[in-house]
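Asks: Below: one structure in structure tokens.
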Amino acid sequence: MQQKIVITGGPGTGKSTIIEELIKRNYTCMKEISREVTLNARKNGTEQLFLTKPLLFSELLLEGRINQYIEAETKNSNLIFFDRGIPDVHAYMNYISIDYPTTYLTKSNLYRYNYIFLMPPWEEIYISDNERYENFEQALAIHNHLERTYKDLNYKIIEVPTGTIEARTNFILDCLK
């Protein structure tokens, strides 16, 4: 049976680095799509889609993450890792206090994952860039919204300890054994 595993957390916690390490180890991974959505919007003249049209941004993300979930089901792999899950979309909407359609919750309950690994905020590795505009305090608040959102959806959350990329990746893989 295929296991769907989400690696989530606030910005700058090392999620994508862990995904890259899992890819190096030949695991099937679905990469984060928010940067892609942001860059596409930028090409079409909107500098920060999440800041200027958060509902449109979240709808594009929700659609993209659902498509990833459906695509994952076609993969011939027992373990599929996701860089963020569908519930991350409404966790971010809660963070910025924007109302969103109830379909977000419906979709999060329809497309379920087997494991949720939460990467804690880690100031030593936190970096802002053109697509990541949050400061560290905002990253902490996002972390709290993510944790609450997944708990509200009755997920058991496994927090990944800080450490080297190899140690963090091994921790995740050991939890799956």
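Asks: Which residue pairs have Cβ atoms closer than 6 Å, lie 6 or more positions apart in sequence or on different chains, and pair a first residue in region 63-77 that is among the aliphatic types (A, V, I, L, M) with a second residue that is surrounded by 18 or more Cβ atoms within 10 Å (Cβ to Cβ)?
Replies: A72/M30; A72/I80
Asks: Looking at I70, I33, I86, I96 in this structure, which one is out of contact with any Phe, Trp or Tyr (no Cβ under 6 Å at 6 or more places or on another chain), of a type outside the set (S, T, Y) and at pLDDT 90 or above?
Replies: From the options I70, I33, I86, I96, the qualifying one is I70.
Asks: If you check L153, L146, L140, which single one turns out to be over 18 Å from Y115 (Cβ atoms) and among the aliphatic types (A, V, I, L, M)?
Replies: L140
Asks: Considering only residues of region 36-67 that are polar (S, T, N, Q) and at pLDDT 85 or above, which is surrounded by the most Cβ atoms within 10 Å (Cβ to Cβ)?
Replies: Narrowing region 36-67 to residues polar (S, T, N, Q): 38, 40, 44, 46, 48, 52, 58, 67.
Now restrict to residues that are at pLDDT 85 or above: 58, 67.
Values: S58: 24, N67: 12.
The qualifying residue surrounded by the most Cβ atoms within 10 Å (Cβ to Cβ) is S58.
Asks: For region 112-155, what are the residues that are modelled with pLDDT of 90 or more and assigned to a helix (DSSP H, G or I)?
Replies: Listed by number, the residues that qualify are A141, I142, H143, N144, H145, L146, E147, R148, T149, Y150, K151, D152.
Asks: Has region 79-91 got at least one residue that is hydrophobic (A, V, I, L, M, F, W, C), exposed (fewer than 14 other Cβ atoms within 10 Å of the Cβ) and under 18 Å from Q138 (Cα atoms)?
Replies: The answer is no; no qualifying residue exists.
The values are calculated or read from the model by the stated rules, or taken from the named source; none is laboratory data. Being a predicted model, the structure only gives us computed values, none of them experimental. All Cβ positions, glycine included, derive from the backbone under ideal geometry; neighbour counts span all protein chains shown.
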